[in-house]
Amino acid sequence: MKTLMRQGAAGLLIAALSFVVGTRCSAQDATQASRKVFIKTQAVYPTLARSVNIHGAVKLTAIVLPNGAVKSVEVKGGHPLLTQSAVTAVGHWKFEPEPHETTELIEVKFDTE
């Protein structure tokens, strides 16, 4: 029983570290945004996801303030090992200013190519 608990803890530690020590995502970020993105931070492809060949898209909704800063990001779909990296990247994006707050649909694709 203790061995199983240690293995589970080790797995969680590896998963957490993979978000920090990941490699770059080789795919594109597709936005169906009504606002132009001025600064687009590339998502980091988590090492654990890459090592077990997990790929696909993470669908997000971002609320963007009038000054272009991202106020919040909500996950709409995607593999759990990929979502945090996508949320972190989109949270750093900067959009063109507009007179009001907007909601943007964003898809971040992760591919092992």
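Coordinate-derived values only; no laboratory data. Remember, predicted model here, so these are calculated numbers, not experimental data. Cβ placement follows ideal geometry from the backbone for every residue including glycine, while neighbour counts extend to all protein chains displayed.
Restricting attention to the stretch 97-113, and to residues there that are closer than 16 Å to Lys40 by Cβ and either aliphatic (A, V, I, L, M) or touching a Ser or Thr at 6+ places or on another chain (Cβ under 7 Å) (or both), which single residue is surrounded by the fewest Cβ atoms within 10 Å (Cβ to Cβ)?
Among them, the one singled out is Leu105.
Only one of Ala86, Ala69 is in contact with a strand residue (DSSP E or B) (Cβ under 9 Å, 6 or more places away or on another chain) and surrounded by 15 or more Cβ atoms within 10 Å (Cβ to Cβ). Can you tell me which? Step through it out loud before you land on a result.
Numbers: Ala69 fails: surrounded by 15 or more Cβ atoms within 10 Å (Cβ to Cβ).
The unique qualifying residue is Ala86.
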